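Quick one: this structure, given as structure tokens, is what I'll be asking you about.
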Amino acid sequence: STNSVTNTFVVADPISVALTAPAPDATFDYLASVAATAAVAGGIPPYSVQFSLDGVPFGAPVTVAPYSINFGTLFVGDHAIEATATDATGWVSNSVAHTVHITGPLAVMLLPANGTAYNYGQPLVLTAPAGGGTGPYSVAFFVNDQPAGTLTAPPFTVDLGVLPVGTYNCYVQATDSSTPAAQQAVSSTNLITILENPLLATLTSPT
């Protein structure tokens, strides 16, 4: 008879991650920076924590405790903050998302961002997140200083369809329901370009 080498192994608890800050439904002024901190347990260290803002990864993964990140000041309105932890073996855990509320005067922004370019044939869709002040809001869209539509309920989105090749100056104006006088806010003017489709060359065999 013979005996094998004695192998020692460790059974790790499942990895878990939780946001310890900000608290759920926390409220911040629009001039205040918003920071997040996550606590990781279980799994096998070292850990990597990726923070997300509104479903989009924010910054580089944090690999050294305390697992924290500063989002800076945020646009007025509601935002979702989340953390995803990965351990040394590749196990992954997602935290529960915490919603934070950013208060401040009426503000509106326009998407796509300034300098965006599309090839001809792709519809141009303008979106205008509005927040702050006192809702509900009315949002008016302008393209090359001409009205392109007014909406009084979210989502504040206008589909301009397929536009000719050229450049378009786009902005939005939001009006809230403050009394006795409504507040107004204007977004930045974003230059959006529609490009000609690139030429495609086709090689044919000689007959």
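I'm trying to understand the selection: among the residues of region 77-116, which are open to solvent by 30 Å² or more (accessible area, probe 1.4 Å), in a loop (DSSP other than H, G, I, E, B) and farther than 30 Å from residue 162 by Cβ? Lay out the reasoning, then the answer.
The initial filter retains those residues of region 77-116 that are open to solvent by 30 Å² or more (accessible area, probe 1.4 Å), namely 78, 80, 82, 84, 86, 88-92, 94, 96-97, 99, 101, 103, 105, 109, 111, 113-116.
Now narrow it down to the ones that are in a loop (DSSP other than H, G, I, E, B): 88-91, 96-97, 105, 109, 113-116.
Hits for region 77-116 are 88, 89, 90, 91, 96, 97, 105.
Pick out the one residue from 56, 64, 49, 34 that is of a type in the set (A, V, I, L, M, F, W, C) and over 19 Å from the mean Cα position of the chain (by Cα).
Details: 56 fails: over 19 Å from the mean Cα position of the chain (by Cα); 49 fails: over 19 Å from the mean Cα position of the chain (by Cα); 34 fails: over 19 Å from the mean Cα position of the chain (by Cα).
Unique residue meeting the criteria: 64.
If I filter region 173-186 for residues that are open to solvent by 40 Å² or more (accessible area, probe 1.4 Å) and acidic (Asp, Glu), do I get at least one hit?
Taking every residue of region 173-186 in turn, none turns out to be open to solvent by 40 Å² or more (accessible area, probe 1.4 Å) and acidic (Asp, Glu).
For residue 74, are the conditions met, namely being modelled with pLDDT of 95 or more, within 30 Å of residue 166 (Cα to Cα) and open to solvent by less than 30 Å² (accessible area, probe 1.4 Å)?
Numbers: modelled with pLDDT of 95 or more: yes; within 30 Å of residue 166 (Cα to Cα): no; open to solvent by less than 30 Å² (accessible area, probe 1.4 Å): yes.
So residue 74 fails the test.
Mind telling me which of the residues 61, 14 ends up being in contact with a strand residue (DSSP E or B) (Cβ under 9 Å, 6 or more places away or on another chain) and touching a residue at least 60 places away in the same chain (Cβ under 8 Å)? Talk me through it step by step, then tell me what you get.
Values: 61 fails: touching a residue at least 60 places away in the same chain (Cβ under 8 Å).
So the residue among 61, 14 that is in contact with a strand residue (DSSP E or B) (Cβ under 9 Å, 6 or more places away or on another chain) and touching a residue at least 60 places away in the same chain (Cβ under 8 Å) is 14.
Within region 127-143, take every residue that is modelled with pLDDT of 95 or more and not in a loop (DSSP other than H, G, I, E, B) and give me the one that is surrounded by the most Cβ atoms within 10 Å (Cβ to Cβ).
My answer is 139.
Can you find a residue that is among the acidic types (Asp, Glu) and over 27 Å from residue 27 (Cα atoms) anywhere in region 195-204? Reasoning before the result, please.
First, pick out the residues of region 195-204 that are among the acidic types (Asp, Glu): 196.
The next check asks that each one be over 27 Å from residue 27 (Cα atoms); those that pass are 196.
Scanning region 195-204 turns up at least one residue that is among the acidic types (Asp, Glu) and over 27 Å from residue 27 (Cα atoms).
Checking the conditions here, which among 191, 163 is at pLDDT 95 or above, within 26 Å of residue 116 (Cα to Cα), assigned to a strand (DSSP E or B) and in contact with a strand residue (DSSP E or B) (Cβ under 8 Å, 6 or more places away or on another chain)? First the steps, then the outcome.
On the way: 163 fails: assigned to a strand (DSSP E or B).
None of the others qualify; the one that does is 191.
Is region 117-126 home to any residue that is open to solvent by 30 Å² or more (accessible area, probe 1.4 Å) and of a type in the set (Phe, Trp, Tyr)? Show your work before the answer.
From region 117-126, those open to solvent by 30 Å² or more (accessible area, probe 1.4 Å) are 117-123, 125; that's our starting set.
From what is left, the residues that are of a type in the set (Phe, Trp, Tyr) are 118, 120.
There is at least one residue in region 117-126 that is open to solvent by 30 Å² or more (accessible area, probe 1.4 Å) and of a type in the set (Phe, Trp, Tyr).
The values are calculated or read from the model by the stated rules, or taken from the named source; none is laboratory data. Computed from a prediction, not measured in an experiment: that's the story for all the values here. Neighbour counts are summed over all protein chains in view; Cβ atoms, including those assigned to glycine, are modelled from backbone coordinates with ideal geometry. Surface areas here come from the heavy atoms of the whole protein model, side chains and all, with no ligands, DNA or RNA. Shrake-Rupley method; radii C 1.70, N 1.55, O 1.52, S 1.80 Å.
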